[in-house]
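The values are calculated or read from the model by the stated rules, or taken from the named source; none is laboratory data. Please read all numbers here as calculations on a predicted model, not as lab measurements. Here the Cβ positions follow ideal geometry from the backbone for every residue, glycine too, while neighbour counts run over all protein chains shown. Side chains included, ligands, DNA and RNA excluded: accessible areas come from the protein's heavy atoms. Shrake-Rupley method; radii C 1.70, N 1.55, O 1.52, S 1.80 Å.
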Amino acid sequence: MDYRQRYETLSKVIKINSSATPINDRLMQTAHFLCLTGLAPTIVFYLLQHRGRRLTLRLAADSGGNLQLPAPPYSYTLPDSVDPLCAPLTSRIACPLDLESNNSDDPFRRQRPYGWSLPLADDTQTYGTMVLLHNKAFTLSDDNLQFLLIICRQIASGLREDILRKRSHKKVRRLKFLHRVGARLNISENLQSVFSQLPDSSLTFFAHSASILTIYATENLPTEIIDQGFRDNEVRRIGLETSREQTARMKFAVQPTVVDIKNSADSSYRDFFSHFSAHIILPLISRGVRLGSLEFFLDKDPKVQHLIPLEKNELELLEILAVHLAATVERTRTRSQLDLANQAAILRTRQLTISHRMKNALLAADTPDQISRLTLGALASSEGFSCSPAIYIGYQKEGKFWHTRFYARDPGSLSNDNKCPKITDDTTPLKVLTCHLLRASDNLDEKIIRDIETLKFADLEAAPTRFRKALTEEKPTIIPARFITALHSKLAEIIPASEILIIPLPGKQHLKGVILANADRIKEQDLSYITLFTDAATLALDNTELYQRLQNSLATLNRAQSRLTQSEKLMALGEMATSIAHEIKNPLVSIGGFARRLHKKIPEESREKGYSQVIMKEIERLEEIVNNVLSFSRTESDVFAPADINQLISDTAALFTREMKKLNIELKLQLTPGIPEVECDGNQIKQVLINLINNSIQAITGKTAGLEKNRLTIRSTPYCNLDKQQELALIEVEDTGGGIQEETIHDIFNPFFTTKHDGTGLGLPICHRIILNHKGEIRIQNQVGRGVKVVISIPFKHSNHHEQPVDQHRQER
């Protein structure tokens, strides 16, 4: 090539590289043009990418038409200076290519193993290589090599111009991004809405990375963690765990931290680099205080791996973004604190007002249940202390367990309550407020009703120590919910809260009850107002209970006077009945004897035989009545001797076996073997069992048809009364009859009281008297429509002293 051709060639290359076409088009035009000049059949451009860590085949031109175009992708990772194709990157001189140095993986060098590699470089940096390839060896003169190096320098200037232009565009995009983010943060207090728009940025860094924004907790606000960009739950879990560990470790760091696989020896990153290429932590600092952190997790995508290590301008961009976010966090916290202070002032004013009104409502209540419901309503209502829901747990002395008595939830706004009367001349504000608060525990969902019915506690002493300590302090206390929900599995469903308010209601000897309420919306400073209110509630309960005790005492005196009068009447009636029975018995014996003789002599086929049969039955009934009256009024001499209680039950039950089989009644004897002998009058105990079995048979046969099977069950078991320190024999007679009506159950042990048309009313009173003579106790457990269980307890050892027996019978539902 002479000087003229070189001049024309160089002019054409300069013209091509000075055009405004994209860099790839310029390189392609240059390659085609140089091929046509005959410098080499194939010309390939390899350009450095990813900050010089990869030499990539960019494009190629072939004048022979024997190669596949466009060029297939191929890259030299971390170019090796030993390879002649890559050597010009560092030496900046042309290097020949031959068959021995051929890289068979490179598709172009495989078919064109010979040629020259020339550096595309200027005074500042190297951009790649221009490679002339041929299928046979060829040489270049020094003049041609110098000329080609000048051409490479011109191409390098075009590449540099393109890089500078792209950097300028990137800076503009960054400035626009910062301006957009800053504008959004200035007009929006919602960090999450701005944070969620980061991946939508045109910047490669944000588009190919996941991120986590952590705002540290303050006195009034919890820790807030916002994440986005993780491709699946497993990757998200690893990112959050790494963030949690590193944030705790670097809580006081003030400089950005970049961790990649090269500079990490931390075991907490063990699984991290299988999903990410780098972890960037930016502290959010305002006025010297670290408010949180902004973290980025770069993908393992090759498009973003070249970003590590971060350049200075990229770190500056991230630091400016962190400053913007920190300023917004500070502004949001300041506004939140002002709002909280304003709300607290409004709440305290309202609480003082409402507390006064609630106290008046409590003082106007006249029953403990109403006071308890008003207290719960005031706690749960948004007009009161906003502790919805709330429950009242009371102690049941009979069953010796704690159970939920009332449940209340927020009834809504008082002004919008259409179910309460409006304030008029006849309706005072106090009545309206009372109605509104009582509605908090009315019309409960069926699920809530079922849940609170099952919410029972055998003993609060088994509760966690933190809960028991709160009870002993006898003042409202807020504790974490886990110390209370451990008492019962349903508590977490009934009161879904992270913290629970405990209000013990003290009594003179023991706790009257405990109130549990949702404490998520109240603070420690609110407890003083709640304490004033609950003290008033406790005082109202004490006053009401005192009033009820006075009322009960008065009612007890009235009942005692009525019973005394009735006892005197019954005593007189008993004496008169005894006298009449004695007068009637002798003539009745004569009538009965002659009637039986006449009955035997009347022929069976005679109609008079039926008349005499009726006379016989009525005489027997009269004799039974007279005998019962005399038996009840006569003081018998008891003969106590050791007896096998199981044998007495078996012998007595055997008397009714045929009758019960005929009536289709199942008899079940559940007798505990090995019961010690009982000192008793066996005949009298048999009489008690006969009366009870007779009553059960009559109850079963007299009931209406139902699902319950006709069954009579008799049990025996030993029992120890710890209160009296006494060992007892327990006898239970249980039937599946219709039970005893509520209005008559309190009179069943009264003499001559009966609900049967042919009864004497003396069966159960006789049983009662016999059991009392044995220093025992008889109890009735009644279920209307389902049956009756009679429970008899007799001491194994009978006392010889003759003290007056105490009437211990009672009826239980």
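So what does log10 I(q)/I(0) come out to for the range 12-155 at q = 0.10, 0.11, 0.18 Å⁻¹, using the Debye formula with one equal point on every Cα and no solvent? Debye output, listed in q order: -0.29, -0.35, -1.04.
Residues 703, 262, ordered by accessible area of protein heavy atoms at a 1.4 angstrom probe radius and largest first, appear as 262, 703.
With all protein chains present, how much of the accessible area of the range 424-519 (probe radius 1.4 Å) comes from carbon and sulfur, to the nearest whole percent? If you can, show how the numbers build up before the last one.
Working: 2480 of 5010 Å².
Accessible surface attributable to carbon and sulfur in the range 424-519 totals 49 percent.
The slack between residue 135 and residue 254, meaning 0.36 nm per residue of separation minus the straight C-alpha distance, is 36.8 nm.
Report the gain in length on full extension from residue 233 to residue 597: 0.36 nm times residue separation, minus Cα-Cα distance, nm rounded to one decimal.
Values: separation 364, 0.36 × 364 = 131.04 nm, distance 10.28 nm.
Working it through step by step, the gained length comes to 120.8 nm.
Arrange the residues 95, 720 by how much accessible surface each exposes, largest first, with a 1.4 angstrom probe.
720, 95
For residue 726 and residue 552, a Förster radius of 30 Å and the Cβ-Cβ distance give a FRET efficiency of 0.50, rounded to the nearest 0.05. Placing pseudo-labels 7 Å out from each Cα toward the beta carbon at residue 311 and residue 12 gives an inter-label distance of 3.5 nm.
Can you sort 172, 131 by 1.4 Å-probe accessible area, starting with the largest?
Details: 172 70, 131 0 Å².
Sorted descending by solvent-accessible area, the residues read 172, 131.
Around residue 387, what is the net charge, scoring Lys/Arg as +1 and Asp/Glu as -1 over all other residues with Cβ under 11 Å from its Cβ?
On the way: positive: 409, 521; negative: 410, 499, 520, 526.
Value of the local net charge: -2.
Here the label points at residue 589 and residue 122, each 7 Å from Cα along the C-beta direction, are separated by 14.7 nm in the simple model.
Rolling a 1.4 angstrom probe over the protein heavy atoms with all chains in place gives the range 365-522 an accessible area of 49 Å² per residue. Say R0 is 45 Å: what FRET efficiency, to the nearest 0.05, do residue 266 and residue 287 get from their beta-carbon distance? Working from the Cβ atoms, E equals 0.90.
As a calculated quantity, the FRET efficiency between residue 173 and residue 341 at R0 = 41 Å, using C-beta atoms, amounts to about 0.45. Of the residues 487, 441, 522, the one whose Cα sits farthest toward the positive end of the charge dipole of the range 416-539, with +1 on the Cβ of Lys and Arg and -1 on the Cβ of Asp and Glu, is 487.
Suppose a student asked you for the relative contact order of the range 3-169, using Cα pairs under 8 Å spaced at least 6 residues apart; what percent would you report? Let's see the in-between values first.
Values: 281 pairs, mean separation 33.5, N = 167.
In percent, rounded to a whole number, it is 20.
Placing dummy labels 7 Å off each Cα toward the beta-carbon, the span from residue 244 to residue 719 is 5.6 nm. Relative to the current alpha-carbon distance between residue 657 and residue 81, full extension at 0.36 nm per residue lengthens the span by 196.0 nm.
Which whole-number percentage describes the relative contact order of the range 365-522, with Cα contacts under 8 Å and a sequence gap of 6 or more?
Numbers: 281 pairs, mean separation 39.4, N = 158.
Worked out over the range 365-522, it gives 25 percent.
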